[in-house]
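Taking it in order: structure first as structure tokens, then the write-up.
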Amino acid sequence: MTNGRVKGANFERELCRAIMDGLGIEDVKRDIEQYRASLHGDIIGVDGWSIEAKRYASGTTYKPQWWEQCTAAADATGCQPVLIWKYDRQPIHCLVRMSSISSDYAGMDYVAQVDFETWLMLVRESWSDV
């Protein structure tokens, strides 16, 4: 049986590589401070985004407490939250605020589940808006 913390750390490293490849950027890495202090995302280096990553053996969707953790860290840093999770033998899923997709939803609590490639597109678009 794989240690859960090791499994999570491996997933974070896998995500860092996928993000760097997908966005063509460097210096995306695990935030080691996440273990020492609260209100830190799991991955840093994607400007404007706070990334929380979860990796588990089984499940069907995200857990509300994951999203609460994700948004608390994002709100503390003034970033947009993204929760990225994966269960064994399933694709990677991402959860974002609808306001990350359209400013028409600013200030509302609506969320959208998107695939990893769609989230990468949202990141690229958020950078082009600046």
(request) Look at the stretch 70-89 and say how many of its residues are modelled with pLDDT of 95 or more and among the polar types (S, T, N, Q). (result) 2
(message) Go through the stretch 97-129 and report how many residues are among the aliphatic types (A, V, I, L, M), in contact (Cβ under 8 Å) with a residue 24 or more places away in the chain and open to solvent by 50 Å² or more (accessible area, probe 1.4 Å).
(response) 1
(message) Anything in the stretch 48-79 that is polar (S, T, N, Q) and in contact with a Cys (Cβ under 7 Å, 6 or more places away or on another chain)? List them, or say none.
(response) S50
(request) Find the residue count for the stretch 75-96, including only residues that are open to solvent by 30 Å² or more (accessible area, probe 1.4 Å) and either of a type in the set (S, T, Y) or under 17 Å from the mean Cα position of the chain (by Cα) (or both). (result) 11
(request) Collect the residues in the stretch 1-33 that are open to solvent by 70 Å² or more (accessible area, probe 1.4 Å), within 16 Å of R124 (Cα to Cα) and in a helix (DSSP H, G or I), keeping them in residue-number order. (result) D21
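The values are calculated or read from the model by the stated rules, or taken from the named source; none is laboratory data. The shown structure was predicted, so the numbers you read here are calculated from the model rather than taken from an experiment. Using ideal geometry, Cβ is built from the backbone for each residue, glycine included, and neighbour counts are taken over all protein chains shown. Please note that ligands, DNA and RNA were not included when accessible areas were found on the heavy atoms of the full protein model with its side chains. Shrake-Rupley method; radii C 1.70, N 1.55, O 1.52, S 1.80 Å.
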